[in-house]
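Each value in this text was obtained by applying a stated rule to the coordinates, not by laboratory testing. Just so we're clear, the structure is a prediction, and the values are computed from it rather than from any experiment. All Cβ positions, glycine included, derive from the backbone under ideal geometry; neighbour counts span all protein chains shown.
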Amino acid sequence: MQVTTILFSSLVKKYLMAVTGLIGVGFVAGHLLGNLQVYSLLGGADAFNAYAYKLHHLPYGLLWIVRIVLLATVAVHVWMAVLLTIENKRARPEGYADNSTVQATYASKTMRWSGVILLAFIIFHIAHYTTRSVPGMKYNETIEKVPLMKEGKPVMQSGEVVMTFDAYTMVVQGFSNLPVSIFYIVAMGLLCLHLTHGVSSMFQSVGLRNHSWQKRLDKIALVYGWGIFLGFISIPISILTGVVS
Amino acid sequence: MNLKLKVWRQPSQEAAGKFEIYDIESVSEDSSFLEMLDILNERLLEKGEGPVHFDHDCREGICGMCSLTIDGIPHGPERATTACQLHMRHFKDGDTITIEPWRAKPFPVVKDLVVDRTAFERIIQSGGYVSVNTGAAPDGNAIPIPKKDADFAMDAAACIGCGACVAACPNASAMLFTSAKASQLNTLPQGRPEKDRRTLAMVSTMDAEGFGNCTNYGECEAVCPKEIKLDMIAKLNRDFAVASVKNLFGKAG
Ligand code: HEM
Ligand code: FES
């Protein structure tokens, strides 16, 4: 069979959806673990800033490799989502008067919508905290650099204190803005919804699920989705309530 | 019981269709859904109106011809039941029942509630068979088959090809049908020599016919009158991945 026929088949789109989804799932978990260092119990300001410094000084240009892989992942995920949506709409030109469903979950029926809003969130989030170029929130210009700390002492290099960007203060300032925090919390809610379907669905898409595993995976997806949701939203809530400052 | 029926009427494939409302009185609770439509048609004929066209054959739940979307659910509200096996006792006196054809681009409406399902035949033709040489019939027990495989193949073979899976799927995907037909053969030793070729061919025919892509809603499984499980789709996803890689290296069977 022609390789192109296979490449453009419905199933390859689903494989790509699943693989890019899996990368996203791994990234989101890692990102959460990194973020939780804002809590003084898990490190606090110095540890958080040192972690940010470490990410920015990974060897072999790893930071950019990871960034490019992640951007490509999002691009492919969204591209496949668009193709699937177009083709699926085309397959049912005339709809039903009665659109009842029997067992499809709310999450599965809203993947497109949760996805589109997540995309908007991802773009804002990168502009907000990565490139720091949102008007009125240009943290590179407004936040002073701080000494890089290790075990409570400033890190010295050739007789000078190493200075680093104060990512901790940026996060505190960023989430002190109520609309920003609300958008963040809503987006995390939609991510939770997206994942409660996605995390189980991705196994089905690559053929690694059966009836008994579906029950388990659905539960895992639910726990994972809620864990991600609660973990992420705890940070803006802690900042807004003054627990973290 | 007295009912109000909202029935899709469409004179031909090209013509535009619309819903007609029919009031139908004194229907027995013991009649089947199709018998209820027979009664409607007799009364329509008496009045000199054209009868409602719908597909049916065995009326025993085994042929897969009946194809009615009843209140938005293919084959109606009862699980594991074809429309012909659905009885009116599952409805209430005074109910309004909406009856629509299967809705999918590859299943064009022929007339009223009758759709053309030859797209399914073309999927079968492309790979839903095993090649057997003519000659003396082989001994049925010559090849031992593990019980688990035999059971799985039997579950797949229960598919009657009615198309309710496509009708129910929000994407009009034919994955449940295609996966059942492929898995039935892919699971058994007799089907294994042609497994890769079959899998690739049936999926590409399915795509070419214009069915949608599976996004794991599970609606197909919910309406399937033969309770075919999503496990079949997972197996097809797996078989297709393996066949694609083997094909890349010229090793597809
Ligand atoms: C944080 C980022 C995201 C993560 C972690 C994520 C994760 C996932 C996962 C695991 C799946 C399941 C894959 C499968 O069914 O095989 C999925 C499916 C999907 N995602 Fe995402 N996704 C993300 C962002 C997006 C975005 C930005 C969009 C669209 C604009 C999107 C749209 C979709 C769609 C349409 C599906 C397919 C739904 C289906 O198969 O029913 N996702 N996603
Ligand atoms: S008429 Fe044969 S299955 Fe319904």
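How well do other chains shield peptide A:3-15, expressed as the mean number of their Cβ atoms within 10 Å of each residue Cβ?
Per-residue shielding by partner chains comes out at 6.
Given DSSP loops and a limit of at most 13 other Cβ atoms within 10 Å, what is the longest stretch of chain A that contains no such trypsin sites (Lys or Arg not before Pro)?
A:1-137
What percent antiparallel are the DSSP beta bridges of chain B, to the nearest 5?
Looking only at bridges with both residues in chain B, the antiparallel portion is about 75 percent.
Need one value for A:99-107: mean number of C-beta atoms belonging to other chains within 10 Å of its residues' C-beta atoms.
6
Looking at chain A, which longest stretch skips every one of the GluC sites (Glu not before Pro) that is in a DSSP loop with at most 10 other Cβ atoms within 10 Å, leaving the sites themselves out?
A:1-143
Name the longest site-free stretch of chain B, where the excluded sites are trypsin sites (Lys or Arg not before Pro) in a DSSP loop with no more than 15 other beta-carbon atoms within 10 Å.
B:93-250
Using DSSP to define loop residues, name the GluC sites (Glu not before Pro) in the range B:190-225 whose beta-carbon has at most 16 other beta-carbon atoms within 10 Å.
none
Per-residue Cβ counts within 10 Å, from other chains only, averaged over B:163-172: what number is that?
That works out to 4 on average.
Work through the residues other than A:V162 whose Cβ is under 11 Å from its Cβ and net out their charges, Lys, Arg +1 and Asp, Glu -1.
Result for the local shell: +1.
Once the mean 1/r over all distinct Cα pairs of the range B:193-253 is inverted, what Kirkwood radius in angstroms do you read off?
12.8
Equivalent ellipsoid semi-axes for the range B:1-155, as square roots of 5 times the alpha carbon gyration tensor eigenvalues: give them largest first, rounded to whole Å.
Ellipsoid semi-axes (Å, largest first): 38, 20, 13.
Can you pull a Stokes-Einstein diffusion coefficient for the protein assembly as shown at 25 °C (0.890 mPa s), Rh from Kirkwood over Cα pairs, as a whole number of µm²/s?
Answer, rounded: 94 µm²/s.
Going through the DSSP H helices of chain A, which span 24 Å or more along their own axis at the Cα atoms while scoring at least 0.5 as a mean Kyte-Doolittle hydropathy?
Within chain A the helices that satisfy the rule are A:10-35, A:62-90, A:178-205, A:211-240.
Return the whole-Å distance between the Cα centroid of the range A:159-209 and the Cα centroid of the range A:1-53.
One Cα centre to the other: 11 Å.
For the range B:3-111, what is the number of Lys pairs with C-alpha distance below 24 angstrom, counting only pairs 8 or more positions apart or on separate chains?
Taking the range B:3-111 as the scope, the lysine pair count is 13.
With viscosity set to 0.692 mPa s and temperature to 37 °C, compute the Stokes-Einstein D of the range A:19-149, Rh being the Kirkwood radius across alpha carbon pairs; µm²/s, no decimals.
It diffuses with D of about 180 µm²/s by this estimate.
Under 20 Å between alpha carbons: how many lysine pairs meet that in chain A, if sequence neighbours fewer than 8 apart on the same chain are excluded?
Step by step, the pairs that qualify in chain A add up to 11.
In the range B:27-68, which GluC sites (Glu not before Pro) fall in coil by DSSP and have 14 or fewer other Cβ atoms within 10 Å?
Answer in residue order: B:E29, B:E49, B:E60.
Only four residue types carry charge here, +1 at the Cβ of Lys and Arg and -1 at the Cβ of Asp and Glu. Report the dipole size of the protein assembly as shown about the Cα centre in Debye, rounded to the nearest 20.
It comes to approximately 1920 debye.
Restricting things to alpha carbons, tell me how big the range B:80-139 is in terms of Rg and Dmax, in Å.
Values for the range B:80-139 (Cα only, Rg and Dmax): 19.5, 61 Å.
Give the distance, in whole Å, between the Cα centre of the range B:113-170 and the Cα centre of the range B:190-218.
13
What is the spin-label model distance, in nm, from A:D98 to A:I182 if the labels are put 7 Å beyond Cα along the C-beta direction?
4.0
Cross-chain or 8 or more residues apart, Cα under 20 Å: how many lysine pairs in the range B:151-253 fit that? Count them up, please.
10
Can you list, largest first and rounded to whole Å, the semi-axes you get for chain A by taking the square root of 5 times each eigenvalue of its Cα gyration tensor?
Equivalent-ellipsoid dimensions as semi-axes: 39, 21, 18 Å.
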